[in-house]
């Protein structure tokens, strides 16, 4: 490896730490969002990582993008999703700050894909994927270590360096969500497999990597056990399937992957036995024996299908699922306030409609098929292993997206976009058998790409600064201005004004005084507190019919926070006279579209 190549690799390693490890290891956050700083760190880190890729390739033969079917399909899908965001903002009432956030993430992911596809068949692309995988391994080590602390030394958690456990018996490390930690550790295991396979071509380091991987893979699997994640269990089984299908991996690596489900089962049984002995909490058994094994997913999917049937052509609008679902009549609805369908295909179909949603899903499936085809056809050796490892990462996130919504988080969306771009490189990059750039294709000019990467970094930093405007509302510093002044400042936020509007309508005695704030606040997350304020505001404004409708939808949730709100109804039932508005059944003929 030349001196320049070593320098590029070391710089990319540092940037990969910023892009992958820091967002997953950051515990410190401030209200109103528990994940914003993690996502901002991902945006900044990936901007730096991509910039170094572009900068390193500046003096080399310029990468060419002869976009094949897979890459074209993937980029087209993101373009159509971006069009859906803009249409929702213009036609469905999605507030500007929420539309801007969604559009920014989609554009960032498209930039990651372009740079990954163009650079994958160059020396810089190989260095970048190596740095990416090494960073994923480190992220797995750090997160698994934090999970062990949360499980066996809970007194060490302080909420600043190590996040507190929100679900007793299940840990999420500093990502805070058990399913998110499980998926991160599966990605780390895949990266570890690639690192082990690559080391076989470098005898000097093979022994160290072999021993390290033999220790780290069981650690990652045990970390997944500690999450008690059923999604994680499925992905562990997927690792064993990979070993069975990919016969170009070394025999020892395949044995390790085949052993992963065994380690998982032994770890699960051991933790369950320890919990029964009273040593500590582990909710694995309760996860498997819940009365509703789907954790309300079946119910929310059923509601979603009903919404698709009601609005099959245009959908409810990008980002509008929560508002539309909450304000639709579902007497047997799940009692939690869902802001996503927990299924990527259903999310696209209900929000964008069948024609556009099916087109986007078709494009994504086409891209995934191309990646799988490339992975199967890729020869043995480092390049082929890279294709297969990248494809496995995408498949892992695809499986996770059938039960959750991880791709709505920048720290999963951008790594997945990078892996997808790498997986499609043989399908899209114009290069010969030795990986040298070929004639033809579009030469990617480095200056615009470098500028775009800088904009991504600047956007992440600007969003962080902008976030402080609403932080002051929920966590005021010493000597802070009055609440109305802080709310007024928060309303000037580019990305987070909806949080200020939420505070405005839920902190005043008469919510109708802040009626204008209801134009944006319900579009983020319509919860029990906000629904009570909205119903009262409508009643105070004389809009009794809509007030009763909102109250009727709130009653369907059977939420304890609304107990005082409906308490007067018990007395009114046995008394004569005018009943409070929330005690009268909601009118027919209204739906969510009457509240935009």
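This table checks each residue for (1) assigned to a helix (DSSP H, G or I); (2) touching a helix residue (DSSP H, G or I) at 6+ places or on another chain (Cβ under 6 Å); (3) closer than 16 Å to residue 21 by Cα; (4) in contact (Cβ under 8 Å) with a residue 40 or more places away in the chain.
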| site | (1), (2), (3), (4) |
| --- | --- |
| 143 | yes, yes, yes, yes |
| 147 | yes, yes, yes, yes |
| 162 | no, yes, yes, yes |
| 182 | yes, yes, yes, yes |
| 187 | yes, yes, yes, yes |
| 191 | yes, yes, yes, yes |
| 209 | yes, yes, no, no |
| 212 | yes, no, no, no |
| 225 | yes, yes, no, yes |
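Any chance segment 367-385 includes a residue that's within 21 Å of the chain's Cα centre (by Cα) and crowded, with 17+ Cβ neighbours inside 10 Å? Yes, there is a match, as at least one residue in segment 367-385 is within 21 Å of the chain's Cα centre (by Cα) and crowded, with 17+ Cβ neighbours inside 10 Å.
Checking each residue in segment 586-595 for being part of a loop (DSSP other than H, G, I, E, B), modelled with pLDDT of 85 or more and surrounded by 11 or more Cβ atoms within 10 Å (Cβ to Cβ) picks out 587, 590, 591.
Can you find a residue that is more than 20 Å from the chain's Cα centre (by Cα), under 30 Å from residue 492 (Cα atoms), modelled with pLDDT of 90 or more and surrounded by 17 or more Cβ atoms within 10 Å (Cβ to Cβ) anywhere in segment 154-173? No, segment 154-173 contains no residue that is more than 20 Å from the chain's Cα centre (by Cα), under 30 Å from residue 492 (Cα atoms), modelled with pLDDT of 90 or more and surrounded by 17 or more Cβ atoms within 10 Å (Cβ to Cβ).
Residues are listed down the side, and each one gets a yes or a no for (1) surrounded by fewer than 17 Cβ atoms within 10 Å (Cβ to Cβ); (2) modelled with pLDDT of 95 or more; (3) in contact with a helix residue (DSSP H, G or I) (Cβ under 9 Å, 6 or more places away or on another chain):
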{"position": "299", "(1), (2), (3)": "no, no, no"}
{"position": "309", "(1), (2), (3)": "yes, yes, no"}
{"position": "322", "(1), (2), (3)": "no, yes, yes"}
{"position": "326", "(1), (2), (3)": "no, yes, yes"}
{"position": "333", "(1), (2), (3)": "no, no, yes"}
{"position": "339", "(1), (2), (3)": "no, no, yes"}
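Condition test on residue 516, is it modelled with pLDDT under 95 and either surrounded by fewer than 24 Cβ atoms within 10 Å (Cβ to Cβ) or outside any helix (DSSP H, G or I) (or both)? So residue 516 passes the test. Whenever a residue of segment 568-585 is part of a loop (DSSP other than H, G, I, E, B), its partners that are at pLDDT 75 or above, lying with C-beta atoms within less than 7 angstrom and at least six residues away or across chains, give the pairs 580/568; 580/569; 584/548; 585/552.
Here the condition is being under 20 Å from the mean Cα position of the chain (by Cα) and over 23 Å from residue 36 (Cβ atoms); of 144, 126, it holds for 144 alone. Scanning segment 472-502 for residues that are touching a residue at least 24 places away in the same chain (Cβ under 8 Å), surrounded by fewer than 22 Cβ atoms within 10 Å (Cβ to Cβ) and outside any loop (DSSP other than H, G, I, E, B) yields 474, 483.
Here residue 87 qualifies as more than 21 Å from the chain's Cα centre (by Cα) and at pLDDT 95 or above. Check whether at least one residue in segment 453-463 is under 30 Å from residue 393 (Cβ atoms), assigned to a helix (DSSP H, G or I), in contact with a helix residue (DSSP H, G or I) (Cβ under 8 Å, 6 or more places away or on another chain) and modelled with pLDDT under 90, and report yes or no. Within segment 453-463, not a single residue is under 30 Å from residue 393 (Cβ atoms), assigned to a helix (DSSP H, G or I), in contact with a helix residue (DSSP H, G or I) (Cβ under 8 Å, 6 or more places away or on another chain) and modelled with pLDDT under 90. Among the residues of segment 30-52, is any surrounded by 21 or more Cβ atoms within 10 Å (Cβ to Cβ), farther than 30 Å from residue 365 by Cβ and modelled with pLDDT under 90? Checked against the condition, which is being surrounded by 21 or more Cβ atoms within 10 Å (Cβ to Cβ), farther than 30 Å from residue 365 by Cβ and modelled with pLDDT under 90, segment 30-52 yields no hits at all. Condition check: modelled with pLDDT of 90 or more and within 27 Å of residue 521 (Cβ to Cβ). Does residue 346 satisfy that? Yes: the conditions hold for residue 346. For the list (1) modelled with pLDDT under 95; (2) surrounded by fewer than 24 Cβ atoms within 10 Å (Cβ to Cβ); (3) over 19 Å from the mean Cα position of the chain (by Cα), I need the number of the one condition that residue 429 fails. Unmet for residue 429, out of (1) modelled with pLDDT under 95; (2) surrounded by fewer than 24 Cβ atoms within 10 Å (Cβ to Cβ); (3) over 19 Å from the mean Cα position of the chain (by Cα): (2).
The values are calculated or read from the model by the stated rules, or taken from the named source; none is laboratory data. The structure presented is a predicted model; accordingly, all values stated were derived computationally and were not measured. Note that we place each Cβ from the backbone using ideal geometry, even for glycine, and neighbour counts take in every protein chain shown.
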